[in-house]
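Okay, so here's the structure we're looking at.
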Amino acid sequence: MSSVSGLFKDLTSVKKARNGRLASWDQRGKNQDYWEIPAGESITLGEVEGPGCITHIWMTSSCRRVKAPSILDPVLNASAAPVMEIAPPLGVIWDDYDPYYYRKVLIKMTWDDQENPSVYVPFGDFFCIGNCYPGNFSSLPFNVSLKPEEAGRYGAPCSVSCYFPMPFNKKAKIEIINENELPFILYFNIDYEMYKEPLDEETAYFHACWHRENPCKGWGPELQVNSPEVNNVTNYKGENNYVLLDVKGKGHYVGCNLTVKHFQGSWWGEGNDMFFIDGEEYPSLNGTGTEDYFNHAWGMQRNAYPFFGTIVHEGDTDGFQVSYRFHITDPVRFENSLKVTIEHGHANHLSDDWSSTAYWYQVLPTTMKMEMPPVEDRLPVVPVLPERKLEKPELTEEMKAAIESYEKRWEVYKPARDEQFRIKEAKARRESKLNTEFAKKLRDEYDK
């Protein structure tokens, strides 16, 4: 046995494994290296036979509505890079981002022969994109990268990565569920390893779930945070705490991301984290404040570190904060059950909008039946501008002709563009099957 230690000690040992990849690469050998996932449809990115382990996931996505006839040919442009369709500068094309698609699309992962999925989370929230508002950050298990000109926008396209290892003994199945009324563009690479020998019976499998309370049930949202009236209320058992995770089984909790939209205008923190391990009546792990749980203090700072940090700061937005905390070196272990909670304001006096993704590992079977609220209950709370009342001047004959020409061109352009969407959607369905077939072929060759 090697005596080498350290975070990257596995790199010093040669192991018996074969690499594989599920990807959206154009299997026709062309350069349309993305899938167009149809509206209201679920697409399997691939199924992989075990034993194995997913080691890395990279994705980038977009979702947009065609609003007007482009001067670009809809058939020729369909074969160009989609960036040609996305960028609207200079009025060449006018596509409108769906600002909330990160919550309308779900990612689902199922291990082995489980009836229940082990991962079932809105696409954006899984990758720490809170309220559909991406922010650049780099942690050990997750990264988000977006261009400067895309920053500060709901629904901005970006790249996302996940490095949590995801073992499976018999099978891994990864699905994207598009509950939007628009197609969903997805590029992806899902890297995995195959092993000769079955996984140990005590192997802990990766899990993730999403939760939202909008609003949290606060008993005194009109009372100022840190006022003596609030601070002298007691909360020993965590009644009405926000619940990040409530799970039965054997395993360990490895962290979360948390999005808070605050409405009082003071400070949304001061709530203690409380961990109830194996059915405890009183929490054995009791914190000192929400910002303290995220390893910050005196409020939240604008930083992002390997294990904790801020992704989106409340001072840079319309009043919401996205934070993360990963228990990589300090997982919270449980033998029978675990309940992870945080007070929303001291003793739960605030009525803010909280949403979170919890990540944990546990031995199968997955007994939690994950449920997802409908799309309308997942959308973020955002400011709404007053409706504009427009008054047009009297139109000249040239103006009338211009509008008529534009409308006629739209009548021709829209069905042609829609047809290209349908062609790309058929390609995604076809390559979904090809991905699983190729993974099976790779497995069979490795097992010889």
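Here are some notes:
- Residue within the range 280-298 that is in a loop (DSSP other than H, G, I, E, B) and among the β-branched types (Val, Ile, Thr) present: yes
- Matching residues in the range 315-344 - criterion: being outside any strand (DSSP E or B), at pLDDT 95 or above and over 27 Å from residue 172 (Cβ atoms): 330, 343, 344
- Checking each residue in the range 150-185 for being part of a loop (DSSP other than H, G, I, E, B), hydrophobic (A, V, I, L, M, F, W, C) and under 30 Å from residue 8 (Cα atoms) picks out 158, 164.
- Among the residues of the range 97-149, the one identified as among the charged types (D, E, K, R) and under 16 Å from residue 360 (Cβ atoms) is 125.
- For the range 189-201, the condition of being touching a His at 6+ places or on another chain (Cβ under 8 Å), assigned to a loop (DSSP other than H, G, I, E, B) and touching a residue at least 60 places away in the same chain (Cβ under 8 Å) holds for none of the residues.
- Matching residues in the range 293-333 - criterion: being touching a residue at least 12 places away in the same chain (Cβ under 8 Å), over 23 Å from the mean Cα position of the chain (by Cα) and over 23 Å from residue 162 (Cβ atoms): 296, 299
- Scan of the range 131-143 for residues that are farther than 18 Å from residue 106 by Cβ, in a strand (DSSP E or B) and either touching a Leu at 6+ places or on another chain (Cβ under 9 Å) or touching a residue at least 60 places away in the same chain (Cβ under 8 Å) (or both), ordered by number: 137, 138
- Residue satisfying all of: in the range 362-413; charged (D, E, K, R) and closer than 30 Å to residue 131 by Cβ; surrounded by the most Cβ atoms within 10 Å (Cβ to Cβ) among these: 378
- Among the numbered conditions (1) within 25 Å of residue 178 (Cα to Cα); (2) buried (at least 22 other Cβ atoms within 10 Å of the Cβ); (3) out of contact with any helix residue (DSSP H, G or I) (no Cβ under 7 Å at 6 or more places or on another chain), the only one that residue 322 does not meet is (3).
- Given (1) over 30 Å from residue 27 (Cα atoms); (2) out of contact with any Leu (no Cβ under 7 Å at 6 or more places or on another chain); (3) modelled with pLDDT of 95 or more, index of the condition residue 386 fails: (3)
- Only one of 393, 383 that is part of a loop (DSSP other than H, G, I, E, B) and under 22 Å from residue 320 (Cβ atoms): 383
- Near pairs, Cβ below 8 angstrom, 6+ apart or cross-chain, from the range 394-422 (among the hydrophobic types (A, V, I, L, M, F, W, C)) to any residue that is outside any helix (DSSP H, G or I) and surrounded by 12 or more Cβ atoms within 10 Å (Cβ to Cβ): 410/68; 410/69; 412/69; 421/36; 421/183
- When residues of the range 131-179 are limited to those that are under 13 Å from the mean Cα position of the chain (by Cα) and of a type in the set (Phe, Trp, Tyr), the one farthest from residue 383 (Cα to Cα): 142
- The range 39-51, residues that are at negative phi and at pLDDT 95 or above: 39, 41, 42, 43, 44, 45, 47, 48, 49, 51
- Any strands (runs of 3 or more DSSP E) falling wholly within the range 4-85 and containing at least 1 residues that are farther than 30 Å from residue 100 by Cβ: 18-23, 41-49, 52-62
- Across the range 52-76, the qualifying residues are those that are at pLDDT below 95 and surrounded by fewer than 18 Cβ atoms within 10 Å (Cβ to Cβ), and the one among them that is farthest from residue 183 (Cα to Cα) is 71.
- Count of the range 418-448 residues which are more than 18 Å from residue 189 (Cβ to Cβ), touching a strand residue (DSSP E or B) at 6+ places or on another chain (Cβ under 8 Å) and not assigned by TED's automatic domain parsing to the domain that holds residue 64: 3
- Selected residue (criterion: surrounded by the most Cβ atoms within 10 Å (Cβ to Cβ)) from residues of the range 280-305 that are more than 20 Å from residue 129 (Cβ to Cβ) and of a type in the set (A, V, I, L, M, F, W, C): 285
- Unique residue being modelled with pLDDT of 95 or more, of a type outside the set (S, T, N, Q), in the same structural domain as residue 94 (by TED's automatic domain parsing) and outside any loop (DSSP other than H, G, I, E, B) when the list is 400, 414: 400
- Residues that are within 30 Å of residue 232 (Cβ to Cβ) and either without any contact (Cβ under 8 Å) to a residue 12 or more places away in the chain or out of contact with any Gly (no Cβ under 6 Å at 6 or more places or on another chain) (or both), drawn from the range 270-282: 275, 276, 277, 279, 280, 281, 282
- If only residues of the range 86-107 that are at pLDDT 85 or above and in a helix (DSSP H, G or I) are counted, the one that is nearest to residue 192 (Cα to Cα) is 102.
- Hits in the range 15-29 - residues which are surrounded by 15 or more Cβ atoms within 10 Å (Cβ to Cβ) and in contact with a strand residue (DSSP E or B) (Cβ under 7 Å, 6 or more places away or on another chain): 17, 18, 20, 21, 22, 23, 24
The values are calculated or read from the model by the stated rules, or taken from the named source; none is laboratory data. Note that this is a predicted model, so its numbers are computed, not measured. Quick reminder, even Gly has a Cβ in these numbers, built from the backbone with ideal geometry, and neighbours come from all protein chains shown.
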